[in-house]
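Here the structure is laid out as structure tokens; the discussion comes afterwards.
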């Protein structure tokens with residue numbers, strides 16, 4: 001098998017003058033330290049690690065090679081600006097870290113040689129289907145089950161993972177604080193972590209100390225963080241309110257799509273879901289009963305469905321099919 005041609009770049013345009021992106025990058029590294037990988041970067045990194053485990057060779061961002069070999073497929077993992085970096089003549093497999101909604105690029109398949117577009121989950125595929133039809137496929141990236149492993153020593157009862165992205169002040173008062181207060185009144189030790197404000201190593205350490213996690217997010221296309229928790233053997237009490245896709249850049253004036261999910265990859269052995277704060281006490285009681293009886297087996301779900309190797313092989317199967 002010939003090497004794959006993988007393309008992934010973070011957008012870093014010049015801001016104030018030509019080529020200022022280079023000194024800005026150095027300054028950021030000095031004052032902020034090593035950049036934290038975001039969700040889309042994690043998709044790229046985990047796919048590469050999965051391919052490494054399968055022994056599959058690949059080139060990274062080799063534009064000179066791909067221009068000379070137009071018969072080969074370009075695997076553009078994400079960040080739509082890469083689509084416009086060169087004049088593509090190659091067949092393109094695009095995704096799964098892509099733009100938010102097809103209305104951002106309704107003419108994608110006509111203006112570029114994109115054969116298939118990958119999205120992280122089924123509800124997002126259904127949201128894209130009216131625009132792109134069967135050219136949209138579901139592909140989730142794998143989770144590093146060698147890194148995210150169960151531990152025995154636990155001193156935190158509940159880790160509250162706060163990924164509420166919109167109307168945070170409102171939900172802090174109506175959801176996050178009430179949940180923490182309720183748990184603490186019951187005598188549980190609680191820790192907090194907020195999406196976008198931590199390094200992955202810190203989350204890893206907290207999971208190692210936690211018996212369970214409460215996951216608060218409006219909706220997820222895949223949800224790598226909560227799947228890292230599942231891989232760590234940490235069952236989850238998840239806020240899954242359903243309803244409309246809530247991104248304020250689109251909803252309700254441009255896009256109204258429902259239903260969505262905050263835990264799109266899930267079975268009953270991963271944990272319990274609740275829809276709103278009124279349901280929380282009863283769902284917590286059910287969760288605690290199953291937790292004490294060792295009913296949950298969250299890591300098994302990841303091992304059976306979302307390992308690095310399995311998902312990398314799924315990616316290869318899609319690639320070969322086109």
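Remarks
- A residue that is without any contact (Cβ under 8 Å) to a residue 12 or more places away in the chain and at negative phi cannot be found anywhere in region 72-83.
Okay, residues lined up against (1) in contact with a helix residue (DSSP H, G or I) (Cβ under 8 Å, 6 or more places away or on another chain); (2) surrounded by fewer than 17 Cβ atoms within 10 Å (Cβ to Cβ):
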{"site": "72", "(1), (2)": "yes, yes"}
{"site": "85", "(1), (2)": "yes, yes"}
{"site": "100", "(1), (2)": "no, yes"}
{"site": "108", "(1), (2)": "yes, no"}
{"site": "111", "(1), (2)": "no, yes"}
{"site": "120", "(1), (2)": "yes, no"}
{"site": "128", "(1), (2)": "yes, no"}
{"site": "132", "(1), (2)": "yes, no"}
{"site": "136", "(1), (2)": "yes, no"}
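- Every test in (1) surrounded by 18 or more Cβ atoms within 10 Å (Cβ to Cβ); (2) closer than 27 Å to residue 202 by Cβ; (3) in contact with a helix residue (DSSP H, G or I) (Cβ under 7 Å, 6 or more places away or on another chain) is passed by residue 155 save one, and that test is (1).
Quick grid of which residues meet (1) closer than 22 Å to residue 99 by Cβ; (2) at pLDDT 95 or above; (3) out of contact with any helix residue (DSSP H, G or I) (no Cβ under 9 Å at 6 or more places or on another chain):
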position	(1), (2), (3)
219	yes, yes, no
226	no, yes, yes
229	no, yes, no
234	no, yes, no
270	no, yes, no
288	no, yes, yes
302	no, yes, no
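- Filter result for residue 143 (touching a strand residue (DSSP E or B) at 6+ places or on another chain (Cβ under 8 Å) and touching a residue at least 12 places away in the same chain (Cβ under 8 Å)): yes
The values are calculated or read from the model by the stated rules, or taken from the named source; none is laboratory data. Quantities reported herein were computed from a predicted structural model and do not represent experimental measurements. Here the Cβ is made from the backbone with ideal geometry for all residues, glycine too, and neighbour counts use every protein chain on show.
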